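Novice: Structure incoming, see below.
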Amino acid sequence: MIPEELKYTEEHEWVLRTGEDTVRVGITDYAQEQLGDVVFVQLPELGEQVGAGQTLGEVESTKSVSDIYAPLAGEVVARNDSLDQQPDLVNSDPYGEGWMVELRLEDPAAVDDLLDAAAYQELAASE
């Protein structure tokens, strides 16, 4: 299950363009399967500046704690506060209600440099 309209990173985050210079970010279905049952999600605060590849937060599961990485540089303009009470949304709906943050990008064109669905499919299949 790899939605065609999204872009992806090698660290298993997905990116959905939500405006000219904004994107929504979450982790992929593959990532949540590897993690197991998510019990806690730590997200950055609104207004926080993040660099591409920088740690954005973390996901704690029954198996491990994993970092979430910023796929692109920008400012956190929204966070999914529902995950505070329902971290399992990351498991049940990783591409919908389980989204994590929205970023206002420093360079909106950088989205085009991320993996498309076919390239991400190959990456996930090789792991």
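The values are calculated or read from the model by the stated rules, or taken from the named source; none is laboratory data. All values reported here derive from a predicted model rather than from experimental measurement. Here Cβ is always computed from backbone atoms with ideal geometry, including for glycine, and neighbour counts include all displayed protein chains. When the accessible area is computed, the model is the full protein with side chains, heavy atoms only, and any ligands, DNA or RNA have been set aside. Shrake-Rupley method; radii C 1.70, N 1.55, O 1.52, S 1.80 Å.
Novice: Enumerate the amide H contacts of R79 below 5 Å, restricted to partners 5 or more residues apart or on another chain; note that Pro and chain-start residues carry no placed amide H.
Specialist: Answer set, sorted by chain and number: E102.
Novice: For the range 114-127, what does the Karplus curve 6.51 cos²θ - 1.76 cosθ + 1.60, with θ = phi - 60°, yield as ³J(HN,Hα) per residue in whole Hz, taken in order and with x for Gly and Pro?
Specialist: Per residue, the Karplus-derived 3J(HN,Hα) values read 7, 5, 8, 4, 5, 5, 5, 4, 4, 4, 5, 5, 7, 8 Hz.
Novice: For the range 1-62, state which GluC sites (Glu not before Pro) are in a DSSP loop and have at most 11 other beta carbons lying within 10 Å of their beta carbon.
Specialist: Passing both the DSSP loop test and the Cβ count: E4, E5, E20, E45.
Novice: Please give the length that would be gained between E60 and E45 if that part of the chain were fully extended, namely 0.36 nm times their separation in residues minus their C-alpha to C-alpha distance (nm, one decimal).
Specialist: So the extension gain works out to 3.6 nm.
Novice: How large is ³J(HN,Hα) for each residue in the range 71-76, as worked out from phi by the Karplus curve 6.51 cos²θ - 1.76 cosθ + 1.60 (θ = phi - 60°), to whole Hz, x for Gly and Pro?
Specialist: Whole-Hz 3J(HN,Hα) from phi for the range 71-76: x, 8, 7, x, 10, 6.
Novice: Once amide H atoms are built 1.01 Å from N in the peptide plane, which residues 5 or more positions from L72, or in another chain, come under 5 Å H to H?
Specialist: Residues meeting the amide H criterion: G53.
Novice: For labels at T18 and D93 in the simple 7 Å Cα→Cβ model, what's the distance in nm?
Specialist: Between T18 and D93, the label points sit 1.4 nm apart.
Novice: Quick one: which residues, 5 or more positions from G98 or on another chain, have an amide H under 5 Å from its amide H? H modelled 1.01 Å from N in the peptide plane, none for Pro or chain starts.
Specialist: D93
Novice: In whole percent, how big is the carbon plus sulfur part of the accessible area of the chain, probe 1.4 Å, protein atoms only?
Specialist: Exposed carbon and sulfur together represent 43 percent of the surface.
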